[in-house]
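Enquirer: Structure in structure tokens, see below.
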């Protein structure tokens, strides 16, 4: 028996992100090398944050920093699935593309095609 095809997401996707107060549509960047999904304080302030439910130490480039972990709901618009509640770490995303960085935990179950943006490949 063959497994169902995994949905395809592009390098950049439009997603609906929900917090405790609101839902916003933002751009998210897929990063298969990132362990976890990340967002920043400005987005959390607009949608409402659960508040820190845990923290994590993130190591990068020989340094380490402690980041808060919060829960948000993410709906990948191009994929016909229910929104997922995910734990994300909080970091400054302003210098980067996209207000959300999809890490490997959220990308599990998807194929990532880096040539695509806002894919509609799953809509057919």
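Read-outs: derived from the displayed coordinates by stated rules, not from any lab. Owing to the predicted nature of the structure, the values given are computational and were not obtained by experimental measurement. Neighbour counts are summed over all protein chains in view; Cβ atoms, including those assigned to glycine, are modelled from backbone coordinates with ideal geometry.
Enquirer: Using the 10 angstrom Cβ neighbour count as an exposure proxy, how do 32, 39 rank, fewest first? It would help to have the intermediate numbers written out before the result.
Expert: Numbers: 32 11, 39 26.
Arranged by neighbour count, lowest to highest, 32, 39 become 32, 39.
Enquirer: In whole Å, what three semi-axes, largest first, describe the equivalent ellipsoid of region 70-118 built from its Cα gyration tensor (square root of 5 times each eigenvalue)?
Expert: On the way: eigenvalues 66, 50, 20 Å².
Values for region 70-118, descending: 18, 16, 10 Å.
Enquirer: Over region 8-117, calculate the relative contact order: mean separation of alpha carbon pairs under 8 Å at least 6 apart, over the residue count, as a percent. Please report the intermediate quantities before stating the final value.
Expert: Details: 257 pairs, mean separation 45.1, N = 110.
Reported relative contact order: 41 percent.
Enquirer: Ok, one more. Once the Cα gyration tensor of the chain is diagonalised, what are the square roots of 5 times its eigenvalues, in whole Å and ordered largest first, as equivalent ellipsoid semi-axes?
Expert: Values: eigenvalues 117, 57, 36 Å².
Listed largest to smallest, the semi-axes of the chain are 24, 17, 13 Å.
Enquirer: Residue separation times 0.36 nm, minus the C-alpha to C-alpha distance between residue 53 and residue 23: what's the value? Please list the in-between numbers first.
Expert: Working: separation 30, 0.36 × 30 = 10.80 nm, distance 2.01 nm.
Extending this stretch completely gives an extra 8.8 nm.
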